[in-house]
């Protein structure tokens, strides 16, 4: 995510939607700041008390598996995945970051439950802190805002009546006559 997205409009304080945060324990001190950012975004959205559950997993590589199991329960309107991957001396960084991103995307696409990528991928610990509530924002907060917006988007689609005629087939053009 480059830069800050505009905050979604409208409240979500309906008390119905439930969300999960899946957090990686590796680099836990930094990840805790990401979790707090996500919780702040959910609080700002006026979610009902108890509407957000936090689940901890060993590392960022495990985030997609946990998200898939949570999505399969059908209990959540969205899942925020947060963790920290800091470049080291080996290619391990690239493998973990790539697989975490691909896996989280796969969960969202195959389950229909929004799963957002709040994983900080940084070249140094200092960069990671900057992205966990420092000078560059908080990726956990941004991932929670994104999951809220996507949950609203999906809820809106489900609430619409089915389209008829040519619009239902995706053409969306008026008949000439």
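Against the list (1) closer than 22 Å to residue 87 by Cα; (2) within 16 Å of the chain's Cα centre (by Cα); (3) part of a helix (DSSP H, G or I), the condition residue 23 fails is (3). Residues in segment 117-158 that are out of contact with any strand residue (DSSP E or B) (no Cβ under 9 Å at 6 or more places or on another chain) and part of a strand (DSSP E or B) were compared, and the one that is surrounded by the most Cβ atoms within 10 Å (Cβ to Cβ) is 133.
Considering only residues in segment 99-116 that are at negative phi and in a loop (DSSP other than H, G, I, E, B), the one that is surrounded by the fewest Cβ atoms within 10 Å (Cβ to Cβ) turns out to be 114. Being more than 17 Å from residue 113 (Cβ to Cβ) and crowded, with 18+ Cβ neighbours inside 10 Å is a condition met by at least one residue of segment 62-71. Given the structure, is residue 95 at pLDDT 95 or above, part of a helix (DSSP H, G or I) and over 20 Å from residue 29 (Cα atoms)? So residue 95 does not fit the description; no. Once segment 37-61 is narrowed to residues that are more than 13 Å from the chain's Cα centre (by Cα) and assigned to a helix (DSSP H, G or I), the residue that is surrounded by the most Cβ atoms within 10 Å (Cβ to Cβ) is 60. Just to be sure I understand the filter: pairs with C-beta atoms under 9 Å, separated by 6 or more residues or on different chains, first member in segment 44-64 and on the phi > 0 side of the Ramachandran plot and without any contact (Cβ under 8 Å) to a residue 40 or more places away in the chain, second member part of a loop (DSSP other than H, G, I, E, B) and crowded, with 19+ Cβ neighbours inside 10 Å. Which pairs pass? Correct list of pairs: 46/12. Do we have residue 166 as modelled with pLDDT under 95, over 28 Å from residue 32 (Cα atoms) and either out of contact with any helix residue (DSSP H, G or I) (no Cβ under 9 Å at 6 or more places or on another chain) or in a helix (DSSP H, G or I) (or both) here? Judged against the criteria, residue 166 is a match.
The values are calculated or read from the model by the stated rules, or taken from the named source; none is laboratory data. Only a predicted model underlies this, so the values are computations on that prediction, with no experimental measurement involved. Here the Cβ is made from the backbone with ideal geometry for all residues, glycine too, and neighbour counts use every protein chain on show.
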